[in-house]
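A short write-up of the structure that comes next.
Read the figures in this text as sums done on the coordinates, not as results from a lab. Remember, it's a predicted structure, so these values are computed and weren't measured experimentally. Neighbour counts are summed over all protein chains in view; Cβ atoms, including those assigned to glycine, are modelled from backbone coordinates with ideal geometry.
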């Protein structure tokens with residue numbers, strides 16, 4: 001989901017409960033806070049030596065250790081986004097992801113999988129597996145095999161004669 005689509009979703013559904021499902025059937029507590037909206041630029045080099053650059057918007061979801069009754073609905077979430085945008089413009093044509101973690105779930109940056117709009121707006125998140133961009137670019141099985149950390153050739157060691165005509169054998173004490 002693009003950031004502009006997320007903001008439009010909030011705008012078109014005023015005063016609805018906002019829910020985040022971070023794992024099947026598990027939701028962020030209802031009194032979560034939106035603590036940061038980050039414009040993130042990734043500037044990487046993959047294992048194949050290729051430069052990669054992309055941008056994302058990351059919205060941080062945080063739960064106070066003690067429930068505080070502070071509920072963020074769609075209207076409040078949009079107000080927070082507009083406050084952030086007034087200080088540092090949010091890059092809206094990027095993918096939006098959500099950073100979340102609690103005592104039962106490791107902190108992770110989660111992608112949007114599905115959105116349900118009924119009496120509440122429910123954003124279903126999912127974790128993405130890591131990937132090898134060099135293998136992802138490969139178009140043939142041979143390219144894939146050679147793209148990333150190819151297997152090292154096995155070195156065959158032979159026992160040869162030592163100067164003086166003797167051979168070295170395991171347990172002989174020569175090595």
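How far apart, in nm, are two points set 7 Å out from the Cα along the Cα-to-Cβ line at residue 107 and at residue 87?
1.8 nm
Return 27, 6 ranked ascending by Cβ neighbour count within 10 Å, so the fewest neighbours appear first. The partial results should precede the final answer.
Values: 27 15, 6 24.
Arranged by neighbour count, lowest to highest, 27, 6 become 27, 6.
Would you mind telling me the antiparallel percentage of the DSSP bridges in the chain, rounded to 5?
Values: 28 of 38 bridges.
Restricted to the chain, the bridges split so that about 75 percent are antiparallel.
Given Cα pairs under 8 Å that are at least 6 residues apart, what percent is the relative contact order of segment 3-135? Present the calculation step by step, with values, prior to reporting the outcome.
Values: 248 pairs, mean separation 42.1, N = 133.
Rounded, it is 32 percent for segment 3-135.
Summing -39500 (n - 2.57) over the DSSP H runs of n ≥ 4 in the chain and dividing by its residue number, what mean residue ellipticity at 222 nm do you reach, to the nearest 500 deg cm²/dmol?
Details: 4 runs with 36 residues, N = 175.
Result for the chain, helices only: -6000 deg cm²/dmol.
Which option, (i) 235; (ii) 107; (iii) 125, is the value of volume of the Cα convex hull per residue in Å³ that was calculated from these coordinates?
Read-out taken from this structure: (i).
What distance in nm separates the two pseudo spin-label positions at residue 95 and residue 53, each 7 Å out from Cα along the beta-carbon direction?
Taking the simple label geometry, residue 95 and residue 53 are separated by 1.9 nm.
Counting only the backbone N, which residues of segment 53-74 are under 12 Å from the spot 7 Å out from the Cα of residue 31 toward its beta-carbon?
Under cut-off, by backbone N: 63-72.
Pairing the Cα long axis of helix 3-12 with the longest principal axis of the chain, what angle in degrees results, from 0 to 90 and rounded to the nearest 10?
Here the helix axis deviates by roughly 20 degrees.
So, in nm, how far is label residue 131 from label residue 146 when the simple model puts each one 7 Å beyond its Cα toward the Cβ?
It is 2.3 nm.
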